[in-house]
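Note sheet for the following structure.
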Amino acid sequence: MFLKTGLLLAVSLATQLYAQSTFSPARPPAIPLAVRSPYLSTWLEVGSDGGDGGYLAGEWPTFWTGQVTAWTGIIRVDGLNYVFMGAPNVNASKVNQTAFEYTSTRSTFTQNVNMQVGIVVEFLSPVLPNKEKRQSLPFSYMNVEVFSMDGQTHSVELYTDVSGEWLSGT
């Protein structure tokens, strides 16, 4: 009996570790990351024409015209590097994305690193129709929350940057 329970637990953990992401309310054709105007408009392609299926790690975001606007995110957990956003040419594994949710102003990705550390990456492009001054500011926000999934203390470092393509367009 104990062997069956242990085997079932191992299968359950392996399934969670490599689970496919859920998309709520549905999988959109493109995911908004930083969208404020025609000049600040960065999306993650989802479709079959080059998209990574809505996974934040493994693909570069693009401008609405299709030009790459590279945005990288790397997390170091206990000395090992993992990519949580973008497709940098580094020696690192990708995190496992388990969920994606969105509203008209917010895109939220839930990920984990080997069931040790959870990551919630949220992109916010606030739209306040009654605040004209705020509407004119070209700001969009990325918030990253990190938490222990296994109850242990971990050494965690985050790195994120954008490429010059955001300014030059090439």
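Rule-based calculations on the coordinates, nothing more; no lab input. This structure is a prediction, so every number in the text was calculated from the model and none was measured. Quick reminder, even Gly has a Cβ in these numbers, built from the backbone with ideal geometry, and neighbours come from all protein chains shown.
Simple rule: put +1 on each Lys or Arg Cβ and -1 on each Asp or Glu Cβ in the range 87-164, find the dipole, and look at T98, M149, Q116; the Cα lying farthest toward the positive end is T98. Quick check: from the Cα gyration tensor, does the range 64-170 come out rounded (a/c under 1.5), prolate or oblate? Oblate shape, in that a/c is at least 1.5 and b/c is the bigger or equal ratio.
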